[in-house]
1. What's the magnitude of the charge dipole for the range 321-447 around its Cα centre, counting Lys and Arg as +1 and Asp and Glu as -1 at the beta-carbon? Answer in Debye, nearest 20.
2. Once Lys and Arg get +1 and Asp and Glu get -1 on their Cβ, which of Ala97, Ser159, Ser148 lies farthest toward the positive end of the dipole of the range 66-313?
3. Taking the Cα centre of the chain as the origin and placing charges on Cβ (Lys, Arg +1; Asp, Glu -1), which of Phe257, Ile292, Ser123 is farthest toward the positive end of the dipole?
4. Given H placed on each backbone N at 1.01 Å, which residues far from Val226 in sequence or on other chains put an amide H within less than 5 Å of it?
5. Apply the Karplus parameterisation 6.51 cos²θ - 1.76 cosθ + 1.60, with θ equal to phi minus 60°, to every residue of the range 41-46 and state each ³J(HN,Hα) to the nearest whole Hz, in sequence, with x for glycine and proline.
6. When only DSSP loop residues count, what chymotrypsin sites (Phe, Trp or Tyr not before Pro) in the range 398-446 have their Cβ near at most 13 other Cβ atoms within 10 Å?
7. Trypsin sites (Lys or Arg not before Pro), restricted to the range 199-274: which are DSSP loop and have at most 14 other Cβ atoms within 10 Å?
8. Count charges around Asn252 for me, please; just the other residues with Cβ under 13 Å from its Cβ, Lys/Arg as +1, Asp/Glu as -1.
Amino acid sequence: MEHEDPRNGESPHRSSKKPKFSSNYIPESEIRDEFSHHQPRVARINNGSFGSCPGSVLAAQRRWQLQFLRQPDEFYFNTLRNGITASRMIIKDLINADHVDEVSLVDNATTAAAIVLQQIGHSFAEGKFKKSDTVLMLHCAFQAVKKSIQAYVTRAGGSVVEVRLPFPVNSEEEIISEFKKSITEGKSNGRKIRLAIIDHITSMPSVVIPVKELVRVCREEGIDQVFVDAAHAIGSLKVDVKEIGADFYVSNLHKWFFCPPSVAFLHCKKANALSDVHHPVVSHEYGNGLPIESSWIGTRDYSSQLVIPAVLEFVNRFEGGIEGIMERNHEQVVKMGKMLAESWGTNLGSPPEMCTAMIMVGLPSRLCLNSEEDASRLRSYLRDCHEVEVPIFYQVPKDGEDGVRDNDGCITGYVRISHQVYNTLDDYEKLRDAINQIVNDGKTCKMLCIE
């Protein structure tokens, strides 16, 4: 390629080997050992929030940290850049990117959102976009993304249109229909939509969004750029950035890909990778392209970016590698979700094909979960009194709509359960029994006391 920057490391990593899976798959006892640092007796069914990191990867991280501390100058000049490049090459192959210089490693999806929205904000501030132009996003976008829009776009004069997605959801067509309606709103009065932000998997409530179809709609409608916030994607579903076709695609590597916190990849199409897209932390690499800028933002711990080869070794100890892990996690979370819904007499928040390793399960209406405060109180009660860690979602009833009902009333609360390789049936039975005990005792969320 023309104007190749040797710091991208293309030459020493040109040939990409297919992953080698172990012929002796990891036994259950070794899985337990890998996650023995988890707090005992806690039903940890919330992998979606902070992820999890196995002991072998933590040991690799510690080796990188010590290598830096032993001789920082040698590490900086001779080791760091090559190590980050090796990690970027692995991600390039996993996501089917065209070239390594389309892949940058950053702290998390929040950092990536700042990178993308910063350049949009500059275009508003510099008069390249009209003040009436807009950014399109899902109403359930992650709060940090909403705050980034506020910081970079609305303060520079841009406007925002939110796509109201249905929940519970029954089909992809429902989402596509609402998305198209919002595009019409965003383009009203001669406005232009300069950026569409689309979640690949929404966080709360958790639903898989048909991103490929929505990106295609964006192209047909003349939307300038598309940014896919896929914080939960890599390690929980197949990611093919060429097939998806977005301008920017970010996914955290510490949620479902077993990296220590925190690290994410940001894929920028080649046309964008060398354009006016910069890391918000400016260091002496500014202007050398986002991958190089991101590889040095000052003295800090880069070990979470360097352990990606060790993560690949870990996942390849499982049958089918990361693909096998994803398939089994999906099968198990659907099975556990159905078990809980049957026990509580409730529903799933989406069809199984619209979830990955997380699924929403309705809570009994007798809990009287009627506010965000009720959801927070129930979550704390489950943690402190039953050693169950699970997020609770409050579904605000729509005016004039009764919503989904169980035998006793309208369902307004959902749990978001996750499944990762360390989870067992006992974790979900513990949650099931805790909720059933609260209901059988005649308690509501407001009556729960946390000692």
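The values are calculated or read from the model by the stated rules, or taken from the named source; none is laboratory data. Note that this is a predicted model, so its numbers are computed, not measured. Cβ sites come from the backbone with ideal geometry, for glycine too, and all protein chains shown count toward neighbours. The accessibility values were calculated without ligands, DNA or RNA, using every heavy atom of the protein model including side chains. Shrake-Rupley method; radii C 1.70, N 1.55, O 1.52, S 1.80 Å.
1. Roughly 160 debye for the range 321-447.
2. Towards the positive end, the residue furthest out is Ser159.
3. Farthest towards the positive end: Ser123.
4. The answer is Ala196, Asp247, Phe248.
5. 6, 7, 7, 8, 10, 10
6. none
7. Details: sites: Lys212, Arg216, Arg219, Lys238, Lys242, Lys255, Lys269, Lys270; in loops: Lys238, Lys255, Lys269.
Those satisfying the criteria are Lys238.
8. Working: positive: Lys255; negative: Asp107, Asp199, Asp229.
Value of the local net charge: -2.
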